[in-house]
Amino acid sequence: MVVGSLRRESFNRRVAQAAIEFAPPSLEFHFTEIADLPLYNEDLERATVPEAWTRFRADIKTADAILFVTPEYNRSVPGGLKNAVDVGSRPYLSNVWNDKPAAIISVSTGAIGAFGANHHLRQALTFVNAAVMPQPEAYIGGAKDLFGADGKIANEGTRKFLERFTNAFGAWIERVRVRAP
Ligand SMILES: Cc1cc2nc3c(=O)[nH]c(=O)nc-3n(C[C@H](O)[C@H](O)[C@H](O)COP(=O)(O)O)c2cc1C
């Protein structure tokens, strides 16, 4: 699980936690953090590779699949998340995203559920040859009103949607695994 927001009270992280809660028991989730990844600079591949890059690459490599939960910043993904995609994609021929089943949930306080971020992320992940689940798509808007006083999702429709989405993701992971050479 990769969360695109670095904010302590992030709505995206809360949705990520809710997705875990409503996911089928066959799926086991771990968060891998992106906040400490130095900005991608190819020179560092030839010097001392940052420890955080090595840790992140290993996390992605060993995961069976990746669920991204991201906000939208100025109609795109937050820079930190794009940096994480770049870090995972290099060095050339060691791209850890290759053939990795993935899915995207985008969450914003706005009305259109971070559609722009969702599709920019989809574009980059497709280029690095991740197998991004095409359907169902997940655009969650109005994030300020999603949660009750206990911090959990109050809206029954969103809870049901997360259950359906994570079940579809489980099926997608199996489908990609069967097709892989
Ligand atoms: C730099 C910046 C740019 C933003 N741009 C957008 C945007 O393009 N579209 C949108 O729906 N919300 C935008 N927002 C609002 C975010 O949806 C809102 O801050 C949201 O809570 C971020 O997710 P988080 O709670 O997980 O941190 C932006 C917020 C910031 C800080």
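Just so it is clear, none of the values below were taken in a lab; they were calculated from the coordinates. Predicted, not measured: the structure shown is a model, and the values here were computed from it. Here Cβ is always computed from backbone atoms with ideal geometry, including for glycine, and neighbour counts include all displayed protein chains.
Tell me which residues, restricted to the range 96-137, are of a type outside the set (D, E), within 16 Å of the ligand (Cβ to nearest atom) and either under 16 Å from T166 (Cα atoms) or in a strand (DSSP E or B) (or both).
The answer is I104, I105, S106, V107.
Counting only residues that are surrounded by fewer than 17 Cβ atoms within 10 Å (Cβ to Cβ) and more than 16 Å from the ligand (Cβ to nearest atom), how many does the range 1-26 have?
The number of residues fulfilling the criteria is 4.
Mind listing just one residue for me: the one in the range 138-180 that is assigned to a loop (DSSP other than H, G, I, E, B) and touching a residue at least 24 places away in the same chain (Cβ under 8 Å) and, of those, farthest from R13 (Cα to Cα)?
Our first condition is that a residue be assigned to a loop (DSSP other than H, G, I, E, B); within the range 138-180, this holds for 141-142, 146, 148-152, 154-155, 180.
This time we only want the ones that are touching a residue at least 24 places away in the same chain (Cβ under 8 Å), so: 141-142, 146, 151-152, 180.
Values: G141: 14, G142: 15, L146: 13, G151: 11, K152: 11, A180: 31 Å.
Here the residue is A180.
Among K82, K61, which is the only one that is among the basic types (K, R) and either under 29 Å from N155 (Cβ atoms) or within 16 Å of the ligand (Cβ to nearest atom) (or both)? Let's see the steps before the verdict.
Details: K61 fails: either under 29 Å from N155 (Cβ atoms) or within 16 Å of the ligand (Cβ to nearest atom) (or both).
Selected residue: K82, the only one of K82, K61 that is among the basic types (K, R) and either under 29 Å from N155 (Cβ atoms) or within 16 Å of the ligand (Cβ to nearest atom) (or both).
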